[in-house]
Amino acid sequence: MLQVLKHLVLGAVFVLPGIASADSATMDAALKDKAKGMTDAGLHYLRGSMAEDGSWSNSVGVTALALRAFLESPRGYSEGDGAFITRPVKFLLDHINPDGSISETNNNRNYNTAVAMIALKATNNPAYDDIIKNAQAFLKGLQIDEPEGYERDHKYYGGIGYGGDERPDLSNVYHALEALKATNLDPSDPTWEKALLFVSRSQNNSETNDLAFAANDGGFAYMPEYSPHGGSVSYGSMTHAGLLSLLFADTDKNDPRVKAAYEWIRANYSVDVNPGAKDNQGYFYYLNAFAKSMYAWGEPELVDAAGVSHNWRNDLTTKLMSLEQKDGSWVNKESGRWWEGDPNLCTAWSVIALNQVVRK
């Protein structure tokens with residue numbers, strides 16, 4: 001099975017960059033206007049909740065996500081628009097470390113560095129090119145492989161963790177790969193192929209996973225042999241993260257791992273819950289990953305396993321309308337786990353998702 005897995009990773013056809021989609025004109029026009037209005041309201045909330053030092057929640061990660069929400073919005077904000085952009089940029093720059101990471105803490109260095117890289121890249125300012133290059137090298141250095149004493153047959157091989165712990169997970173791999181994709185890491189860099197081994201081993205797909213734990217529903221767990229929702233159960237946020245990881249690595253849509261993940265999504269389509277997650281934990285993370293993976297998939301509608309057609313843009317916009325607070329923010333009222341009790345984070349996740357909705 002290991003030889004099959006290596007063949008799949010090395011033989012994937014690199015044709016889908018994960019950045020092309022059917023035009024947003026396919027969504028209901030009134031809902032599209034509403035999505036843009038919610039984006040403006042969410043950004044207005046974030047502008048008001050920004051601290052004097054340019055941060056949100058005194059966190060590099062939350063600050064980078066909020067900044068990305070502004071920079072990728074239909075308004076096309078840039079550093080030329082003033083302090084509500086330049087102060088967050090400065091906050092990120094003030095937390096560059098000698099090792100190339102961008103983080104205020106050792107515990108979340110991969111996550112913080114990855115989202116900061118994407119935000120800095122989104123400024124389109126060449127002054128940050130060397131910073132991004134150094135951050136790329138930092139992320140690559142976190143990958144678990146031979147220098148750390150791991151061989152290719154180990155379940156953690158190719159993975160990346162938070163940077164302060166000893167175990168990799170799919171969420172951190174997904175964020176790292178998104179950052180490396182956004183900052184144009186060479187597709188031939190071995191980081192991609194190694195990461196895909198770990199991604200493949202986090203999937204419940206025995207056809208392509210050489211580990212004995214794998215079931216056959218096609219979804220993804222948090223890491224090989226573990227899910228926070230019990231056993232190695234597949235759940236929505238990680239399955240969309242897994243699909244995105246495959247697409248960021250330019251894996252062909254006909255690859256069995258991609259097809260299996262998409263079939264799981266068809267069987268568990270929802271904007272109401274994070275499918276498979278206890279107490280709707282990580283719900284706004286899920287909606288964000290959902291929007292990005294549906295955009296990357298490139299189809300205006302998804303036909304679920306029951307044969308029902310869904311315009312994902314309409315569905316997501318309608319759901320976010322129902323969850324928006326009067327002040328323009330969002331927050332997870334069902335579970336505050338993974339910082340989702342923080343409206344700055346949930347609002348940033350939501351606006352980034354809406355930016356995918358209205359993106360051409």
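Descriptive notes on the structure:
- Residue match in the range 237-253 (condition: under 24 Å from ASP28 (Cβ atoms), surrounded by fewer than 20 Cβ atoms within 10 Å (Cβ to Cβ) and not aliphatic (A, V, I, L, M)): no
- Qualifying residue in the range 148-158 (condition: at pLDDT 95 or above and over 26 Å from LEU196 (Cα atoms)): no
- From the options MET321, MET294, residue that is hydrophobic (A, V, I, L, M, F, W, C), over 18 Å from the mean Cα position of the chain (by Cα) and closer than 20 Å to ASP28 by Cβ: MET321
- Selected residue (criterion: nearest to the chain's Cα centre (by Cα)) from residues of the range 186-216 that are buried (at least 20 other Cβ atoms within 10 Å of the Cβ) and in a loop (DSSP other than H, G, I, E, B): SER202
- Comparison of ASN344, ASN355 shows that the only residue that is over 22 Å from HIS229 (Cβ atoms), touching a Pro at 6+ places or on another chain (Cβ under 9 Å), in a helix (DSSP H, G or I) and of a type outside the set (D, E, K, R) is ASN355.
- Total residues in the range 192-240, condition within 20 Å of TYR157 (Cβ to Cβ) and not β-branched (Val, Ile, Thr): 31
- Flag if LEU246 is farther than 27 Å from GLU334 by Cβ, aliphatic (A, V, I, L, M) and touching a residue at least 40 places away in the same chain (Cβ under 8 Å): yes
- Criterion applied to ASP153, ASP169, ASP130 was being exposed (fewer than 14 other Cβ atoms within 10 Å of the Cβ) and either among the aromatic types (Phe, Trp, Tyr) or out of contact with any helix residue (DSSP H, G or I) (no Cβ under 7 Å at 6 or more places or on another chain) (or both), and the one residue passing it is ASP130.
- Residue pairs meeting the criteria (Cβ under 6 Å; at least 6 apart or on separate chains; first in a helix (DSSP H, G or I), in the range 160-185; second basic (Lys, Arg)): ALA182/LYS121
- Residues that are in a loop (DSSP other than H, G, I, E, B) and modelled with pLDDT of 95 or more, drawn from the range 84-111: ASP94, HIS95, ASN97, PRO98, ASP99, GLY100, SER101, SER103, GLU104
- Taken together, the residues in the range 226-243 that are in contact with a helix residue (DSSP H, G or I) (Cβ under 6 Å, 6 or more places away or on another chain) and either free of Cβ contacts under 8 Å to residues at least 24 places away in the same chain or more than 15 Å from ALA289 (Cβ to Cβ) (or both) amount to 1.
- Applying the condition of being surrounded by 20 or more Cβ atoms within 10 Å (Cβ to Cβ) and among the polar types (S, T, N, Q) to the range 269-310 and asking which residue is modelled with the lowest pLDDT yields GLN281.
- Tabulated pairs, the range 137-153, first over 18 Å from ASP165 (Cβ atoms), second not polar (S, T, N, Q), C-beta under 7 angstrom, 6+ apart or interchain: ALA137/GLY100; GLU151/TYR157; ARG152/LEU197; ASP153/LEU2
The values are calculated or read from the model by the stated rules, or taken from the named source; none is laboratory data. Note that the structure is predicted; figures quoted are calculated from it, not measured. Glycine gets a Cβ as well: all are built from the backbone with ideal geometry, and neighbour counts include every protein chain shown.
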